[in-house]
Amino acid sequence: EDQVTQSPEALRLQEGESSSLNCSYTVSGLRGLFWYRQDPGKGPEFLFTLYSAGEEKEKERLKATLTKKESFLHITAPKPEDSATYLCAVQLNFGNEKLTFGTGTRLTIIP
Amino acid sequence: GAGVSQTPSNKVTEKGKYVELRCDPISGHTALYWYRQSLGQGPEFLIYFQGTGAADDSGLPNDRFFAVRPEGSVSTLKIQRTERGDSAVYLCASSLLGGPQETQYFGPGTRLLVL
């Protein structure tokens with residue numbers, strides 16, 4: 001069965017303390033892996049799409065990487081405004097365009 | 001330009017009632033998706049429209065759920081005989097063509113509470 005697992009469930013960091021969030025997947029054929037940010041009471045906001053192992057993308061303090069089994073979202077010198085839930089989702093090769101999401105990592109940056 | 005909009009933002013109803021949730025996609029986007037998100041969980045796929053037709057409705061949990069998109073733009077998710085377990089945030093997303101690897105842009109969601 002296709003599965004997407006995110007860890008940790010929650011992470012508290014001091015402002016400026018870098019860390020990584022993990023998204024591991026067990027799927028029959030990966031077409032793309034997506035990272036979204038979700039603030040409380042709002043819809044997910046698109047961050048990155050990764051298509052193949054070895055690919056990396058960056059945006060401000062965030063960098064996403066992809067291997068054949070997992071993706072990492074690295075956050076460098078985070079600020080309080082980076083506090084949010086980070087969701088990863090996979091799109092499979094066969095069948096349809098739906099996204100299958102993990103349960104998210106709730107990130108809190110303490111000033 | 002304007003993003004995906006959803007109305008109402010909140011809906012409280014009683015068990016057994018009928019509800020309609022509306023989604024206005026980004027102008028020009030031909031693909032539209034509905035997801036449902038329970039507390040502490042990631043969004044879960046319900047249905048995908050390409051134009052006016054439902055290309056994939058495999059995520060609809062049962063026949064109480066139905067969605068339409070009659071003119072290929074606005075979509076309505078309809079829930080009959082609501083149950084307490086239907087309480088969740090219902091998210092709508094749209095993408096330009098609905099092709100592989102396209103970005104899906106989400107609306108703010110409708111928070112449904114069934115009492």
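The values are calculated or read from the model by the stated rules, or taken from the named source; none is laboratory data. These numbers were taken from a predicted model, which means no experiment stands behind them. Cβ atoms come from the backbone with ideal geometry, glycine included; neighbour counts cover every protein chain shown.
What to note about this one:
- Residue within segment A:21-34 that is within 11 Å of chain B (Cβ to nearest Cβ), surrounded by fewer than 14 Cβ atoms within 10 Å (Cβ to Cβ) and not in a strand (DSSP E or B) present: no
Residue by residue, here is whether (1) among the hydrophobic types (A, V, I, L, M, F, W, C); (2) within 14 Å of another protein chain (Cβ to nearest Cβ); (3) touching a His at 6+ places or on another chain (Cβ under 7 Å) holds:
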| position | (1), (2), (3) |
| --- | --- |
| B:Ala31 | yes, yes, no |
| B:Trp34 | yes, yes, no |
| B:Ser38 | no, yes, no |
| B:Ile47 | yes, yes, no |
| B:Gln50 | no, yes, no |
| B:Ala54 | yes, yes, no |
| B:Arg84 | no, no, no |
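- Residue that is touching a strand residue (DSSP E or B) at 6+ places or on another chain (Cβ under 8 Å), modelled with pLDDT under 95 and not hydrophobic (A, V, I, L, M, F, W, C), where the choices are A:Lys79, A:Lys98, A:Lys63, A:Lys68: A:Lys98
- Sole residue being exposed (fewer than 14 other Cβ atoms within 10 Å of the Cβ), among the polar types (S, T, N, Q) and modelled with pLDDT of 95 or more, chosen from A:Gln6, A:Gln14: A:Gln14
- Segment B:29-58: number of residues that are assigned to a loop (DSSP other than H, G, I, E, B) and surrounded by fewer than 18 Cβ atoms within 10 Å (Cβ to Cβ): 9
- Checking each residue in segment B:94-115 for being in a strand (DSSP E or B) and in contact with a His (Cβ under 9 Å, 6 or more places away or on another chain) picks out B:Ser94, B:Ser95, B:Tyr105.
- For segment B:1-24, taking the residues that are closer than 11 Å to B:Thr76 by Cα and surrounded by 16 or more Cβ atoms within 10 Å (Cβ to Cβ), the one that is nearest to the other protein chains (Cβ to nearest Cβ) is identified as B:Gln6.
- Members of segment B:89-115 that are under 18 Å from B:Leu60 (Cβ atoms) and more than 13 Å from chain A (Cβ to nearest Cβ): B:Leu112, B:Val114
- Scanning segment B:59-91 for residues that are assigned to a loop (DSSP other than H, G, I, E, B), out of contact with any Cys (no Cβ under 8 Å at 6 or more places or on another chain) and not small (Gly, Ala, Ser) yields B:Leu60, B:Pro61, B:Asn62, B:Asp63, B:Arg64, B:Arg69, B:Pro70, B:Glu71, B:Gln80, B:Arg81, B:Thr82, B:Glu83.
Residues are listed down the side, and each one gets a yes or a no for (1) modelled with pLDDT under 95; (2) under 23 Å from B:Arg84 (Cα atoms):
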| site | (1), (2) |
| --- | --- |
| B:Ser5 | no, no |
| B:Pro25 | no, no |
| B:Tyr35 | no, yes |
| B:Ser38 | no, yes |
| B:Glu44 | no, yes |
| B:Gln50 | yes, no |
| B:Gly53 | yes, no |
| B:Arg64 | no, yes |
| B:Arg69 | no, no |
